[in-house]
Structure formats: structure tokens, C-alpha cells
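Shown next, in C-alpha cells, is the structure this report addresses.
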Amino acid sequence: MDSPTSSLKTVSDDEEIDYSIKPEFYDSDLDDKDEMWMVKKRDGRTSDAVLSCPACFTTVCLECQRHEQYVTQYRAVFVVNCKVDKDRVVQQNAISSNVGKRRRDSEKRETVSADDETVNPVFCSTCSTEIGVVDGEEIYHFSNVIPSEP
Ligand SMILES: [Zn+2]
């Protein structure tokens with residue numbers, strides 16, 4: 001007596017599934033639009049994350065690019081709540097191993113463009129924690145920051 005009851009139940013389940021398909025069509029259309037918007041947004045504003053000071057959580061950058069190899073490093077041009085110590089100079093190869101890799105290929109050129117390879121330290125303007133460096137082309141390289149979703 002159990003089997004006719006269960007088969008009857010299966011039929012009613014199928015009916016329920018049919019009903020649920022209709023709203024799903026609307027949902028996938030919305031998803032499509034949402035995805036398009038995301039792609040468009042990424043094209044216009046190439047921000048990978050919002051960066052914050054690790055000590056006081058002040059936002060220091062809204063638009064940045066994550067380093068391709070060193071995922072804890074971020075590059076940015078527009079920053080907020082940052083101050084640069086122009087008096088102190090840091091050797092760039094101490095911070096970015098990417099430059100060190102390139103140095104092997106052009107060791108002679110390194111001596112010529114010695115000025116370009118020096119950078120200034122960047123601090124959080126709120127609590128003065130060192131959060132990264134800025135290079136000669138005014139590109140900020142953050143290495144001591146907390147990233148979060150843009
Ligand atoms: Zn801070």
C-alpha cells in the first residue's frame with residue numbers, strides 16, 4: 001500500500017518544480033545584467049581593493065591594483081590620508097624583488113638611473129604607521145595595508 005502513495009507524491013513534486021522554473025527565468029536575466037555592470041565597472045575603474053592602515057584602519061586608498069605576483073603588494077596613483085617623507089630615501093630593490101630580477105639583465109643601466117630607483121616612505125597620516133613607498137613617478141606601492149572589497 002506504500003507504493004501508490006509515493007508515486008502520487010512524486011507527481012505533485014513535479015508540478016511544484018514546474019512552478020519554480022518560471023521565476024528562475026527572471027532571476028537569470030537579472031544576473032546577466034548584474035554581471036555586465038560588474039564588467040563595465042572593472043573596465044572603468046581598475047580597483048582591486050580598498051586599502052586601510054593596519055594600525056588605525058583609516059582608509060588610505062580607494063583605487064589600486066594588486067601586484068601580479070606579490071599579492072600583498074598594491075600599486076596606486078590616487079591615495080587618501082597618506083603623508084610622504086621626502087627627506088628619507090629608500091632603495092627600491094629592498095622593497096620590490098621585481099626590480100632586483102630586472103637588475104640582472106641591465107646592470108649597467110642601473111648605475112645611470114640610480115635616482116629613479118629610490119623611493120620615499122609613505123605613512124598613514126592619522127597614526128604615522130609606515131604603509132608603503134612612493135616612487136619617482138609618483139606611483140604608490142603599498143605593502144603594509146589591510147585590503148578589503150571595493
Ligand atoms: Zn593609521
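Return the residue satisfying two criteria in turn: it lies in the range 131-148 and is outside any strand (DSSP E or B) and surrounded by fewer than 23 Cβ atoms within 10 Å (Cβ to Cβ), and of such residues it is farthest from the chain's Cα centre (by Cα). Per the criteria, the residue is G136. Between T118, T126, which is within 16 Å of the ligand (Cβ to nearest atom), surrounded by 13 or more Cβ atoms within 10 Å (Cβ to Cβ), at pLDDT 50 or above and over 21 Å from the mean Cα position of the chain (by Cα)? Just a single option satisfies the conditions, and that option is T126.
For the range 58-101: of the residues being in a strand (DSSP E or B), modelled with pLDDT of 90 or more and within 11 Å of P121 (Cα to Cα), which is farthest from the ligand (Cβ to nearest atom)?
Per the stated criteria, the residue is V84.
The values are calculated or read from the model by the stated rules, or taken from the named source; none is laboratory data. On a predicted model such as this, the values are computed, not experimentally measured, just so you know. Methodologically, a virtual Cβ is constructed for each residue, glycine included, from the backbone with ideal geometry; neighbour enumeration extends over all protein chains shown.
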